[in-house]
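See below for the structure under consideration.
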Amino acid sequence: MTTQSRRIARVLLDSPLPQLDRLFDYALPAELGDVPLGARIRVPLRTAGRLLDGYVVELDTEDDADRPLSEVESVVSPVSVLPDRLYRLARRVADRAAGSASDILRLVIPKRQVRVEKAWTASSAAVVPEEAALARATTIVEAYDGLAAALDDGGRAAVEAIPVLQDGMPGWAATLAASAAHMLAAGRSTVLVVPDHRDLDRLIDALAELVPSESVVRFDSRQANPDRYRAFLRTLEDAPCIVIGNRSAVYAPVTAGLVAIWDDGDPLLAEPLAPYVNARDAALLRQEQEGSALLLAGHTRTTDVERLVAHGWLQDVRAARRVLPRVILSTPQEMELPTAQRMPSSAFLSARAAAADGPVLVQVSRPGFAPSLVCAGCRAPARCAHCGGPLGAKHRGAVPVCGWCGRGARAWACPACSSTQLRLASSGSERTADELGKAFPGIRVIVADSAHPVAHVADKPSLVVATRGAEPLADGGYRAVVLLDGPRMLQAPDLRVGEACLRWWSNAAALAAPGAPVHLVGVDGQIARAFATWNQAAYARTELSERAPLHMPPAARVALVEGTSAAVGRALASLGELSLPSDAVLGPVPVESDDLPPRVRALVRFDYGAGARVSTVLRAAVVAEAVASRRGRGRNTRIPLAVRLDILDPEL
């Protein structure tokens, strides 16, 4: 008796359900013909009684034709949108974060656009930089000790970007663009990841000076769906290219010779969707899998990167000749003078002299006019009577408005002292601009914040009041930089507030013209010294050493486990077999919400060496709870357990 064989496809379903995060076997009917690996298909799911989209991950033949298998319903597209390298990366990232591979792929593979797909023809023609542009790129790369070697040998480097403008563009953008041009000339692709659209636009301008535009592929959330799908199809081609984009661009399916991330401490690089993977962590896994070069560049050093440098996993790369900003610290005595108010006399006189020659940057902590109000009688924070949110003023004399629900508070009265008078407790960008406009008569005042985005200012006398991260680029650099509200920024209830402030101040200081003064107002101590001496790595080392005894990230990994009390209890009990330290688990404690049944939350701290085992156990607990909830606890109820790994700022 002859054994009949049949073709089978192992399929990854596009589903958020954790119990479906594995490969399923389906029979391939002969009438479908040749189905390529990575193609989109539709398959039946018998337990759900409906069709689901999926991707062909493996093709095989089997002799056991009697094994009951469902058949592939149809081939949605013959294009291989899931190459093996992308699937292996998504699988590895998801496993480390105790998440689903389909959630990772949903970030990188756009929805199908039939017209774009039909018009697409893969090109194998390579585009290389011109000789003059390549010479400029080589000069920029060689300005750093060890950078060229790291690019050529597939090395891993923490790069301290040159904090000065180069040919009118930020030094970091010139460095990343030159590194990409260096790799393109060698016939290799590059992935460049930046936090937001302002950084993306500056990087595009830097690349335009060094590489042909047709070699640049943009991954941007602002793109229309057809443009995004067209860019994705380009990354599937063999011809080398330079992929630039925000956090999801780190998964671009090119055969990368270089992956570079700018400003890895920016919270925008942390994915807000499950499984909440930071682009830096995905880049580290990708480099280990593919053997590409890896650059983590910034003006400052995060504790995450410093930990890798201390272990020798990342090489410390700096400029051969360091040109640093001229930082001036305001003394505590200056800030105590009655005339100082928000800006001491030394910073005020410096800004007034510089404003007569060109643009001056004033960085503030918050947008708006008066983001917060207090009672004029007892100084208690003014709160909304409806939702308890903070009250603020949009302009002088305006009716107070709640920052949460947007309601006006016309008849507000303090619940503590019954006073009906309010006092401005803080100054936003608009109020600061209003005050400085009176102090700088005849000078144009420009506000740059989330409500007033400004990308560029001319080389003319002006005063630019910008919130942190929204500073525009100035022709020739700012003639002076004044950093206000430092003490208020440092008061934020955040484990990493020191790192964040150092990053905000350093990025603003890097926009100054060569030799221009940079005034840090009202801050002293270790963080001020690190900024003044431009030794942010030393501050990161100190922070790391202080967190190690407390087992706080990044000295240790932290997992958040949230769900019903019974589900969390079972998940924590399953960790008992791993022999974690007795103080590894914090909690559980109740979560303030209206959910029924009530939910609780716990933190689990563990060493990096135990990461794979912890993520496997917690993921198994999530799957078990999801299956149980589908079977007997209501099909439409919320999954009783959720897990999130690598919490940057754990709060309990």
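The values are calculated or read from the model by the stated rules, or taken from the named source; none is laboratory data. This structure is a prediction, so every number in the text was calculated from the model and none was measured. Please note: Cβ atoms are built from the backbone with ideal geometry, for glycine as well, and neighbour counts cover all protein chains shown.
Residues satisfying the criterion are present in region 555-570 (criterion: modelled with pLDDT of 90 or more, in a helix (DSSP H, G or I), not small (Gly, Ala, Ser) and not assigned by TED's automatic domain parsing to the domain that holds His519).
Being under 22 Å from Arg88 (Cβ atoms), part of a loop (DSSP other than H, G, I, E, B) and of a type in the set (D, E, K, R) is the filter here, so list the residues in region 11-47 that pass it. Asp14, Asp21, Arg22, listed by residue number. Taking the listed residues Val128, Val141, Val159, the one that is of a type in the set (A, V, I, L, M), over 28 Å from the mean Cα position of the chain (by Cα) and buried (at least 16 other Cβ atoms within 10 Å of the Cβ) is Val128, with no other qualifying.
Within region 408-427, residues that are free of Cβ contacts under 8 Å to residues at least 24 places away in the same chain have Cβ atoms under 9 Å from residues that are among the polar types (S, T, N, Q) in these pairs: Ala411/Thr420; Ala413/Ser419; Ala413/Thr420, counting only partners at least 6 apart in sequence or on another chain. So is Ala133 in a loop (DSSP other than H, G, I, E, B) and touching a residue at least 60 places away in the same chain (Cβ under 8 Å) or not? Against the criterion (in a loop (DSSP other than H, G, I, E, B) and touching a residue at least 60 places away in the same chain (Cβ under 8 Å)), Ala133 does not qualify. Glu577 meets the conditions (1) closer than 17 Å to Pro640 by Cβ; (2) surrounded by fewer than 20 Cβ atoms within 10 Å (Cβ to Cβ) in every case but one. The failed one is (1).
Scanning region 194-236 for residues that are among the small types (Gly, Ala, Ser), in contact with a strand residue (DSSP E or B) (Cβ under 9 Å, 6 or more places away or on another chain) and without any contact (Cβ under 8 Å) to a residue 12 or more places away in the chain returns a single hit, Ala208.
Only residues that are of a type in the set (Asp, Glu) and surrounded by 18 or more Cβ atoms within 10 Å (Cβ to Cβ) were counted in region 533-566, giving 2. Of Pro415, Pro441, all but one fail to be farther than 25 Å from Ile204 by Cα, of a type outside the set (Phe, Trp, Tyr) and not assigned by TED's automatic domain parsing to the domain that holds Phe348; the exception is Pro415. Reported count of residues in region 427-467, each being small (Gly, Ala, Ser) and surrounded by 21 or more Cβ atoms within 10 Å (Cβ to Cβ), is 6.
Among the residues of region 368-388, those that are surrounded by fewer than 20 Cβ atoms within 10 Å (Cβ to Cβ), in a loop (DSSP other than H, G, I, E, B) and in contact with a strand residue (DSSP E or B) (Cβ under 8 Å, 6 or more places away or on another chain) comprise Ser372, Ala376, Arg379, Ala380, His386, Cys387. Output the residue which, of all residues in region 256-308 that are hydroxyl-bearing (Ser, Thr, Tyr) and modelled with pLDDT of 95 or more, is nearest to the chain's Cα centre (by Cα). Among those residues, the one meeting the criterion is Thr302. Taking every residue in region 477-488 that is in the same structural domain as Ala466 (by TED's automatic domain parsing) and pairing it with any residue that is aromatic (Phe, Trp, Tyr), at least 6 positions away or on another chain, the pairs with Cβ-Cβ distances below 7 Å are Leu483/Trp505.
Can you go through Ala297, Ala282, Ala249, Ala231 and tell me which one is over 28 Å from Gln113 (Cβ atoms) and among the small types (Gly, Ala, Ser)? When all the criteria are applied, what remains is Ala297. If you go through region 325-375 and pick out every residue that is aromatic (Phe, Trp, Tyr) and modelled with pLDDT of 90 or more, you end up with 1. Each residue in region 48-77 was checked for being assigned to a strand (DSSP E or B) and in contact (Cβ under 8 Å) with a residue 24 or more places away in the chain, and 16 of them qualify. Of everything in region 585-625 that is of a type in the set (D, E, K, R) and not in a strand (DSSP E or B), the residue that is nearest to Arg644 (Cα to Cα) is Arg619.
Number of residues in region 479-517 that are within 25 Å of the chain's Cα centre (by Cα) and at positive phi equals 1.
Residue-by-condition table, conditions (1) in the same structural domain as Arg198 (by TED's automatic domain parsing); (2) modelled with pLDDT under 90; (3) farther than 23 Å from Leu165 by Cβ; (4) assigned to a loop (DSSP other than H, G, I, E, B):
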position	(1), (2), (3), (4)
Cys405	no, yes, yes, yes
Pro453	no, no, no, yes
Asp494	no, yes, yes, yes
Glu499	no, no, yes, no
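Yes/no per residue for (1) more than 33 Å from the chain's Cα centre (by Cα); (2) within 26 Å of Met169 (Cβ to Cβ):
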{"residue": "Lys394", "(1), (2)": "no, no"}
{"residue": "Cys402", "(1), (2)": "no, no"}
{"residue": "Ala409", "(1), (2)": "yes, no"}
{"residue": "Pro415", "(1), (2)": "yes, no"}
{"residue": "Leu424", "(1), (2)": "yes, no"}
{"residue": "Gly437", "(1), (2)": "yes, no"}
{"residue": "Pro461", "(1), (2)": "yes, yes"}
{"residue": "Gly469", "(1), (2)": "no, yes"}
{"residue": "Gly477", "(1), (2)": "no, yes"}
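Applying the criterion of being in a loop (DSSP other than H, G, I, E, B) and more than 30 Å from the chain's Cα centre (by Cα) to the residues of region 92-125, the residue that is surrounded by the most Cβ atoms within 10 Å (Cβ to Cβ) is Trp120. Scanning region 78-89 for residues that are in a helix (DSSP H, G or I) and closer than 18 Å to Arg228 by Cβ returns a single hit, Leu86. Going by the conditions given, is Pro415 surrounded by fewer than 16 Cβ atoms within 10 Å (Cβ to Cβ) and outside any helix (DSSP H, G or I)? Taking the combined requirement at face value, the residue satisfies it.
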